[in-house]
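Everything on this sheet refers to the single structure shown next.
Coordinate-derived values only; no laboratory data. All values derive from a computational prediction rather than experimental measurement. Reconstructed Cβ throughout: ideal geometry from the backbone, glycine too, with neighbour counts over all protein chains shown.
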Amino acid sequence: DSGVTQTPKHLITATGQRVTLRCSPRSGDLSVYWYQQSLDQGLQFLIQYYNGEERAKGNILERFSAQQFPDLHSELNLSSLELGDSALYFCASSVGGTGTYEQYFGPGTRLTVT
Amino acid sequence: QKEVEQDPGPLSVPEGAIVSLNCTYSNSAFQYFMWYRQYSRKGPELLMYTYSSGNKEDGRFTAQVDKSSKYISLFIRDSQPSDSATYLCATNSGGYQKVTFGTGTKLQVIP
């Protein structure tokens, strides 16, 4: 158990809908990262927050947004969902804000868009 | 061309074999190298973390980095059925740069 928690574990929704994924980092970690994992694209970095502020942005669609709250938990919002958004979404956390710190992953949220 | 290339496998070996997993990368600025293990339907778990070139050993696992050829390796000695998983290499250049992952190699260790 990495200490990173994610809810929900599974999510099934229809195209056009909006969902929110939640992540709680390990105790003491200030950085949260969001990744998307699909069969054909592997693990793709979406966005990073450090102590409440956006720190780095990857291949995140405009339909997706995220935030990190004062208690350091983070939410990833996915809107106007398309079939292609079906994937595993992972949250990771680390102590520091740079990519040199070890990242610990949560168990993921499996999103299915029908 | 992807920044990190990894043979997807699957790689099937008998129990007790030495396993060699490899990645190549294209960005010479990469300095930090990681190996993650991912069991089916689980999150990636950090196995090894190395900086720059050289070897690092942890139990049955050895990570090797050759920056001159941009080649990353993970060796597993005395492989066990419990090692059956997908292994992801990852790297970044430090600072605020993102970590780039390979697509993973699926390993199956046959009892």
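Amide H to amide H distances under 5 Å link B:Gln31 with B:Asn92, B:Ser93, B:Gly94, where only residues 5 or more positions off or on other chains count and H is placed in the peptide plane. Spatially, the stretch A:86-111 and the stretch B:76-109 are offset by 15 Å when compared through their Cα centroids. By other beta-carbon atoms within 10 Å, ranking A:Ile60, B:Ile110 with the fewest at the front produces B:Ile110, A:Ile60.
How high is the relative contact order of chain B, in percent, counting Cα pairs under 8 Å that sit 6 or more residues apart?
38
Charging the Cβ of each Asp and Glu at -1 and of each Lys and Arg at +1, and nothing else, the dipole of the protein assembly as shown about its Cα centre rounds to 140 debye. Among B:Gln38, B:Gln97, B:Gln80, the largest mean-square fluctuation in a Gaussian network model of chain B, built with springs joining Cα atoms closer than 10 Å, belongs to B:Gln97. Distance between Cα centroids, the stretch B:1-68 to the stretch A:43-62: provide it in whole Å. About 24 Å separates the Cα centre of the stretch B:1-68 from the one of the stretch A:43-62.
Neighbours of A:Arg63, meaning other residues whose beta-carbon lies under 13 angstrom from its beta-carbon, give a summed charge of -2 when Lys and Arg score +1 and Asp and Glu score -1. Shown for A:Asp85, B:Asp58, B:Asp83: other C-beta atoms within 10 Å of each C-beta, ranked fewest to most, produce the order B:Asp58, B:Asp83, A:Asp85.
Taking the Cβ of A:His10 as the centre, find all other residues whose Cβ is under 12 Å away and add up their charges (Lys, Arg: +1; Asp, Glu: -1). My count for the surroundings of A:His10 gives +3. Measuring nothing but how far apart in sequence close Cα pairs (under 8 Å, 6+ apart) lie, relative to its length, chain A scores a relative contact order of 37 percent. Each residue of the stretch A:46-55 is assigned a 3J(HN,Hα), and the resulting list reads 9, 6, 10, 10, 10, 6, x, 10, 5, 10 Hz, derived from the Karplus form 6.51 cos²θ - 1.76 cosθ + 1.60 (θ = phi - 60°), x at Gly and Pro.
Could you please report the charge total around A:Glu82, scoring K, R as +1 and D, E as -1 over all other residues with beta-carbon less than 14 angstrom from its beta-carbon?
Net charge around A:Glu82: 0.
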